[in-house]
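Participant: Before anything else, here's the structure in question.
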Protein chains: 2
Amino acid sequence: MIPSPQGPPSTTVHVPLGDRSYEIDITSGLVEHAAARIHEVIPDLSHAIVIADLAVDEPWANQICEGLSTGSQKMRVSRRTVPSGEPSKSIAEFEQLLNWVLEEGGDRRSVVVAVGGGVIGDLAGYVAASFTRGIRFIQIPTTLLAMVDSSVGGKTGVNLPGAKNMVGAFWQPNLVLIDTEVLSTLPERSFLSGLAEVVKYGVIDDAEFFAWLETNSKALIARDSASLRYAIQVSCQCKARVVGEDERETTGRRAILNYGHTFAHAIEATAGYGKLLHGEAVSIGMQMAARLAIDLGLTNETLLQRQTDLLTACQLPTRFPEADPATMLPVMMRDKKVAHGKLRFILPTRLGKVEFVGDLEEAAVVRAIQASR
Amino acid sequence: MIPSPQGPPSTTVHVPLGDRSYEIDITSGLVEHAAARIHEVIPDLSHAIVIADLAVDEPWANQICEGLSTGSQKMRVSRRTVPSGEPSKSIAEFEQLLNWVLEEGGDRRSVVVAVGGGVIGDLAGYVAASFTRGIRFIQIPTTLLAMVDSSVGGKTGVNLPGAKNMVGAFWQPNLVLIDTEVLSTLPERSFLSGLAEVVKYGVIDDAEFFAWLETNSKALIARDSASLRYAIQVSCQCKARVVGEDERETTGRRAILNYGHTFAHAIEATAGYGKLLHGEAVSIGMQMAARLAIDLGLTNETLLQRQTDLLTACQLPTRFPEADPATMLPVMMRDKKVAHGKLRFILPTRLGKVEFVGDLEEAAVVRAIQASR
């Protein structure tokens, strides 16, 4: 953990991936200087393909495009908005974007710039991964969730009907620009949803950070700039380290990031996509996972209590009244992390420490779901 | 060059790509032993997804599926055919296959097996690259063109309307199985078309192999098994070496494989896709490239004459009566290898040696096209 939460106003996190390494800039007021920073990282840039979430086109994508198309290093900018929300992560939208990039004269030297949340980042990233078998890519996340999770790590892709993230590529960005000021326009519920993933990093990797979150939850909810920067920095550092150890999810190490997520995906699917935000489902999913860990004797009630209190302080749901093992279990069995039809979970043993648990009895999972209603 | 064309009945070519390295087996009667060889390379295989060209489903895909689903190491086999021909390389077909793989219960441990020519290999390879962000992949090419070219090197993808191979991924196979016996069912024109790429390797990389081809063209056309094995082996060795030096087409080295291809793509597009086979267009394209090299003073008439004679001996076209600079040049400018709007060519200086030539005057290109009518 970084010693002081009151660091400099600008922080850079390095993602160590050999010749695919990149930096995450975290600061405030970055959007207005985005063009200069992009030019630093990609000096030969002459054509930017900006794909933005309709909801943040004004003011953020607008500012970025203006910066890119004016000034001493001005370049050609193609710009397109995509509707917010999960339905945009489809092969149909992917195809439309690719045809548009071709019409715009995109080539191997063009650079895709994603401006939006996880949906836009995943979709635009997959376009970047696929156009002429891969072009350069910059992430400018505009939701807290995307800042601490989806914009880091190179997972891109779209959904198939009934199966999330089933199609895609690992494609690392060349740069991630995180401007905490952008969060000022983020709706409250979406902002709070992002905090669930922040809490997750504390539980899986960093007890000291978890304690810091307990002390500073009020400042975070008030969107205090320094507190946010620190929370995002620690989250990105954790994710960058794990991704650096297991870029393509082959060693199993990266799976620790899925704490609460096997439950969360089933919660989202049975609630109906869109009813619960992803972070809200993750919040409930972490509760189910903690309860499962207690049931299996891996941890004690104290961890669950502190997790419950912190999530509650973050105004996140900790229970799911409609939780039904009969509908959730089949969805969990279809999860793409299931191997040979066996459920596997990331479960906490103490704050800051998780274990991989496979081959467990279904009854324990059922109890964890039922106890979270 | 390998000293003797009368090698052992089975040859293996290694493709050196670090942790993505793989072997190309070249032999006769391999299809009936394909299952055993696949199990050797992928011991934990339990679900094979066989995607076959409709034209070779009987007898070849049938034999392979039978081998996989019976015997001591039998596994679950999902099988689907795709119509032959370029229109199958579309995002629509890609999407249908992905949905089918999901319905068939494919997961991260499934393996895609492509049985067919370049169209099937590119399409099935892109499905393998994309499903759950990448699963294992085996190429069993059934055309000479696919054996010596598209099945080696990891280029996968589909077309956009009016733009070939515009979408895709670099995704290396885990194994390539080349059975020369399979060529017995290949139509004559398709077989001869494959010889164009074989001749290409002689021109760009290996004067001795070119001379061997001059001596053995009759045996090749008669589909003599030992001669074919040798020609395929030298071709694959050349391609494997170049791909090993420049996997993702970033250093420019891999571009030497495109000798004749910038012209060929424009020939295919202006002739109307499907009118000329790819190898036929490459044959004419190499003639245009050689003429351009002479025009620029890079080489002499002898090279062109020997190339013309060998292509003619292989019953390949060396002229394109409809060649029209006015329609071909705009297509060439749209080629995805064009950088900053400048045409670049791979041109021969002597047999076995090519150079990268950029920034040349359009008039010389026009003359090379006109001289090949």
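Participant: Enumerate the lysines that B:K155 could reach by cross-link, defined here as Cα to Cα under 16 Å, with residues fewer than 8 away along the same chain left out.
Facilitator: B:K89, B:K164, B:K239, B:K336, B:K337
Participant: Can I ask one more? State, to one decimal in nm and shortest first, how far the label point of B:T185 sits from each corresponding label point in the other identical copies (label point: 7 angstrom along Cα-to-Cβ).
Facilitator: Computed spacing set for this position: 5.9 nm.
Participant: Here is a follow-up. Using the Cα centre as the reference, give the magnitude of the dipole from point charges on the C-beta atoms of the protein assembly as shown (Lys, Arg: +1; Asp, Glu: -1; all else neutral), rounded to the nearest 20 debye.
Facilitator: Dipole magnitude for the protein assembly as shown comes out near 200 debye.
Participant: Rounded to the nearest 20 Debye, what is the dipole magnitude of chain A about its Cα centre when Lys and Arg each give +1 and Asp and Glu each give -1 at the C-beta?
Facilitator: 480 debye
Participant: Okay, helix-only estimate at 222 nm for chain A: each DSSP H run of n ≥ 4 adds -39500 (n - 2.57), divide by all residues, round to 500 deg cm²/dmol; what do you get?
Facilitator: The helix-only estimate for chain A comes to -13500 deg cm²/dmol at 222 nm.
Participant: Something else: I'd like the GluC sites (Glu not before Pro) in the range B:27-116 restricted to DSSP loop residues with at most 16 other Cβ atoms within 10 Å, sorted by number.
Facilitator: B:E104
Participant: Nm distances between the label at A:N62 and the same-position labels in the remaining copies, 7 Å along Cα→Cβ, shortest first?
Facilitator: Its label point is 6.5 nm from the equivalent points in the other copies.
Participant: Going through the range B:246-290, which trypsin sites (Lys or Arg not before Pro) have at most 10 other Cβ atoms within 10 Å and a DSSP loop state?
Facilitator: For trypsin sites (Lys or Arg not before Pro) across the range B:246-290 that sit outside H, G, I, E and B with at most 10 neighbouring Cβ atoms in 10 Å, the list is empty.
Participant: Ranked by Cβ crowding within 10 angstrom, fewest neighbours first, how are B:H14, B:H265 ordered?
Facilitator: Listing B:H14, B:H265 from fewest to most nearby Cβ atoms yields B:H14, B:H265.
Participant: Next question. Where a Cα-Cα gap under 14 Å defines reach, which aspartates and glutamates qualify for A:K342, not counting those fewer than 8 residues away within the same chain?
Facilitator: Those aspartates and glutamates meeting the cut-off are A:D359, A:E361, A:E362, B:D107.
Participant: With only Lys, Arg, Asp and Glu charged, each at its Cβ (+1 for the first two, -1 for the last two), find how big the charge dipole of the range A:214-296 is about the Cα centre; round to the nearest 20 debye.
Facilitator: 180 debye
Participant: Ok, one more. Just add up the charged neighbours of A:G279: K/R +1, D/E -1, any other residue whose Cβ is under 10 Å from the Cβ of A:G279.
Facilitator: Residues close to A:G279 contribute a combined charge of -1.
Participant: With an 8 Å cut-off on Cα pairs and a minimum separation of 6 or more residues, tell me the relative contact order of chain A in percent.
Facilitator: 16 percent
Participant: Among DSSP beta bridges lying fully in the range B:2-185, give the percent that are antiparallel, nearest 5.
Facilitator: Around 30 percent antiparallel, to the nearest 5.
Participant: Using a cut-off of 12 Å between beta-carbons, work out the net charge of the residues near B:V115 (Lys and Arg +1, Asp and Glu -1, B:V115 not included).
Facilitator: With Lys, Arg at +1 and Asp, Glu at -1, the net is -2.
Participant: Hey, another quick one. Span-like helices, chain A: DSSP H, alpha-carbon axial extent 27 Å or more, mean Kyte-Doolittle 0.0 or greater, which ones?
Facilitator: A:225-245
Participant: In addition: Using a label point 7 Å beyond Cα on the Cα-Cβ vector, give me the inter-copy distances for B:Q370 in nanometres, one decimal, shortest first.
Facilitator: 8.7
Participant: Which net charge results for the neighbourhood of B:T251, defined as the other residues with beta-carbon distances under 13 angstrom from its beta-carbon, given Lys and Arg at +1 and Asp and Glu at -1?
Facilitator: -2
Coordinate-derived values only; no laboratory data. Not measured: the values here are computed from a predicted model. Because the Cβ atoms are built from the backbone with ideal geometry, glycine has one as well, and the counts that use them run over all protein chains shown.
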